[in-house]
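First up is the structure itself, then whatever we jot down about it.
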Amino acid sequence: MAEQTTILSIQDVSKTFDDRTVCVEAVENFSLEIYEGELVCIVGSSGCGKSTLLNMLAGFTQPTAGKLLLHNEEIVKVEPRCGMIFQAYALFPWKTVRENIEFGLKMKRTPSAARRKVSDTYIKMVGLEGFEDSYPSQLSGGMRQRVALARVLANDPEILLMDEPFAALDAMTRQVMQEELVRIQKESKKTVVFVTHNIEEAVILSDRIAIMSARPGRLKQLLINPLPKPRDAAVRQSAEFAQLKEQIWNVVREEVLKGMR
Amino acid sequence: MNKERRGTPSFGRFRLKEVQGVLAQQKYPLISFVSICVFFLGWEFLTTYGWISQVFLPSPSKIFSEAVKLLKDGTLTADVLISGKRVLGGFALASLVGVPLGILLGTSRFLRAVFDPIISIIRPLPALSWIPLSMLWLGIGETQKYSIVFMGTFCSVLIYVIEATYKIDPIMIRAAENLGASKLQVMKEVILPGALPSIISGLKVVLAIAWTCIISTEMVGASEGLGFRIWNAKDWGNTPQVLVGMLGISLTVLAIDIGFGAIEKRLIPWQRT
């Protein structure tokens, strides 16, 4: 990566949930610059505030302290330029695959002919030809997540926020989806912020890896992933891969133990 | 199949097997059919042979001939049509106002706070209790009939719709907003279709309430309709006609239910599989 333009800037962000009975500090003094076109993985044990961070980037919730900037402008409301992919897919069950994918464009009142052209492109990109008129309930988990991905891509956001998107998939489907994501990111050149608790997944996908501490979530360590791309099956067998995994695991392990106390 | 046919020794036995197959397949519908036949035959038997007095309970054949008579002079058809029209009219009006308002109330805590106390006062009132007031205001014309159905069903519609909006997964609303949907678009594109299955099952219950409303109103003040026919027949001691009227209600409600089911399938195609 020669030129590094900051697209997203997380500046000293804290988030506290206070519902009068309990006060939970989810994220504390978290800072991170995210560069255009890169894929950053945020790794941490469950409950460390990774999803909270992502929700703030999408504008679903606001930080208690600190700032989140997109192109130097503060994110103050739901931000369509940061497209969210949810673990639970969040597809509209009453819409067909095509209608789901065209949703964002329909909201912008794009004429239907133009919508169709865009949806055709993304249906092809995620490999769902022949399922255009199926309803989500008729699809497998992997296919549903492809629809969700196409739906967000069709809306042309600058950043993809992915909240453990493959966690609900079986191991084989997950591996296929990871490869697809790498390919799609290469094609679309989107910036991706990918939250996961799966270290191997982070190593396979990322340009950089941000490891979060146990709650309250702070930035524990920021690593540059040195593994060469593309990372095919052979990379998974390499010594460097195992070493990097080990290195991350040692940091995460400490935090998991802290979180359990 | 072919092999079996060749192997079966006698034609008669093969036929028997086929009949048995059909019987096994249609077992439960067949049981239902036999059940209704036994019900009417038993009724016929008990009444014709004097076990039960015909004045007290007329036989099915008597009721049938009364129905044929009423059908021939057109009164039964007219009654069914007018009652059906009143029910569907009032019900449609209540749904047309209740569904959008319910969705608004379901999504806005402010509006809910405004309307909640008013609904709480109106809701416990049975439809019957509106009859005197509606007669004072509107007389006994058609407007009064529609308004009784409306008053009797409106709050139920509202409550079913509000409940239905609560059942939507909030993550879907987030996803829609993230894809650029405005508040109004979220209501139209996410909350309405998401709540639709529950709304429709609620409306089915409300439709039954609407029938109660109209039959009681017609009994109190009307010159046509199934409720009036039954009440009028009672005044003349015409038990067969009372029963024809009741059966008329039964069959009309059944027919409308079937129609409603067909509409439901068209409105919720994603649940067909």
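A few comments on the model shown:
- Count - residues of segment A:232-248 that are surrounded by 14 or more Cβ atoms within 10 Å (Cβ to Cβ) and either of a type in the set (A, V, I, L, M, F, W, C) or over 22 Å from the mean Cα position of the chain (by Cα) (or both): 5
- Sole residue being of a type in the set (A, V, I, L, M) and modelled with pLDDT under 90, chosen from B:ILE140, B:ILE191: B:ILE140
- Qualifying positions in segment A:94-126 - at the interface with chain B (Cβ under 10 Å from one of its Cβ atoms), surrounded by fewer than 21 Cβ atoms within 10 Å (Cβ to Cβ) and among the polar types (S, T, N, Q): A:THR96
- Residues being closer than 18 Å to B:VAL87 by Cα and part of a helix (DSSP H, G or I) - total across segment B:124-147: 14
- Checked against (1) assigned to a loop (DSSP other than H, G, I, E, B); (2) at pLDDT 85 or above; (3) of a type in the set (A, V, I, L, M), A:LEU222 passes all but a single condition, namely (1).
- Residue match in segment A:192-207 (condition: at pLDDT 85 or above, among the small types (Gly, Ala, Ser), within 24 Å of A:GLN87 (Cβ to Cβ) and assigned to a helix (DSSP H, G or I)): yes
- Helices (runs of 4 or more DSSP H) contained in segment A:19-122 and holding at least 2 residues aliphatic (A, V, I, L, M), modelled with pLDDT of 90 or more and within 30 Å of A:VAL251 (Cβ to Cβ): A:50-57
- In segment A:123-139, the residues that are under 22 Å from A:LEU181 (Cα atoms) and in a loop (DSSP other than H, G, I, E, B): A:VAL126, A:GLY127, A:LEU128, A:GLU129, A:GLY130, A:PHE131, A:GLU132, A:LEU139
- Failed item in (1) farther than 17 Å from A:ILE204 by Cα; (2) assigned by TED's automatic domain parsing to the domain that holds A:THR191; (3) assigned to a helix (DSSP H, G or I), with A:ALA168 passing the rest: (3)
- Members of segment A:144-183 found to be among the β-branched types (Val, Ile, Thr), under 26 Å from A:MET107 (Cα atoms) and either surrounded by fewer than 20 Cβ atoms within 10 Å (Cβ to Cβ) or touching a helix residue (DSSP H, G or I) at 6+ places or on another chain (Cβ under 6 Å) (or both), listed by number: A:VAL147
- Pair list, Cβ < 7 Å and 6+ apart or interchain, from segment B:177-193 residues that are within 7 Å of another protein chain (Cβ to nearest Cβ) to residues that are acidic (Asp, Glu) and in a helix (DSSP H, G or I): B:ALA181/B:GLU189
- Complete set of residues in segment B:177-210 that are buried (at least 18 other Cβ atoms within 10 Å of the Cβ) and hydroxyl-bearing (Ser, Thr, Tyr): none
- Some residue of segment B:83-98 being in contact (Cβ under 8 Å) with a residue 12 or more places away in the chain, more than 21 Å from the chain's Cα centre (by Cα) and either assigned by TED's automatic domain parsing to the domain that holds B:GLY152 or in a helix (DSSP H, G or I) (or both): no
- Where B:ALA222 falls short, out of the listed (1) modelled with pLDDT of 90 or more; (2) surrounded by 22 or more Cβ atoms within 10 Å (Cβ to Cβ); (3) away from chain A (no Cβ under 14 Å): (1)
- Residue within segment B:70-82 that is more than 24 Å from the chain's Cα centre (by Cα) and either under 30 Å from B:PRO240 (Cα atoms) or assigned to a helix (DSSP H, G or I) (or both) present: yes
Each row is one residue, and each column tells you yes or no for (1) more than 18 Å from the chain's Cα centre (by Cα); (2) within 27 Å of A:LYS50 (Cα to Cα).
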{"site": "A:PHE92", "(1), (2)": "yes, yes"}
{"site": "A:ILE123", "(1), (2)": "yes, no"}
{"site": "A:GLY142", "(1), (2)": "no, yes"}
{"site": "A:ASP156", "(1), (2)": "no, yes"}
{"site": "A:PRO165", "(1), (2)": "no, yes"}
{"site": "A:VAL182", "(1), (2)": "no, yes"}
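- Pairs are defined by a Cβ separation below 9 Å, a sequence spacing of at least 6 or placement on different chains, a first member in segment A:66-93 that is more than 9 Å from every other protein chain (Cβ to nearest Cβ) and on the phi > 0 side of the Ramachandran plot, and a second member that is of a type in the set (D, E, K, R) and loosely packed, with under 15 Cβ neighbours inside 10 Å; the pairs so defined are A:GLY66/A:ASP12.
- Any chance B:LEU30 is touching a Leu at 6+ places or on another chain (Cβ under 9 Å), among the hydrophobic types (A, V, I, L, M, F, W, C) and in a helix (DSSP H, G or I): yes
- Residue in segment A:88-105 that is in contact with an Asp or Glu (Cβ under 8 Å, 6 or more places away or on another chain), within 26 Å of A:ALA202 (Cβ to Cβ) and of a type outside the set (Gly, Ala, Ser) present: no
- Filter result for the condition that a residue is more than 26 Å from B:VAL161 (Cα to Cα) and either part of a helix (DSSP H, G or I) or within 14 Å of another protein chain (Cβ to nearest Cβ) (or both), over B:LEU254, B:LEU207, B:LEU243: B:LEU243
- Leading residue by the ranking (farthest from the other protein chains (Cβ to nearest Cβ)) among those in segment B:164-175 that are in a helix (DSSP H, G or I) and out of contact with any helix residue (DSSP H, G or I) (no Cβ under 7 Å at 6 or more places or on another chain): B:PRO170
- Filtering segment A:127-154 to residues that are of a type in the set (Asp, Glu) and within 13 Å of chain B (Cβ to nearest Cβ) leaves only A:ASP133.
- Being surrounded by 11 or more Cβ atoms within 10 Å (Cβ to Cβ) and at pLDDT below 85 holds for only one residue in B:GLN20, B:GLN26, and it is B:GLN26.
The values are calculated or read from the model by the stated rules, or taken from the named source; none is laboratory data. Computed from a predicted model, the values in this text were never measured in an experiment. Quick reminder, even Gly has a Cβ in these numbers, built from the backbone with ideal geometry, and neighbours come from all protein chains shown.
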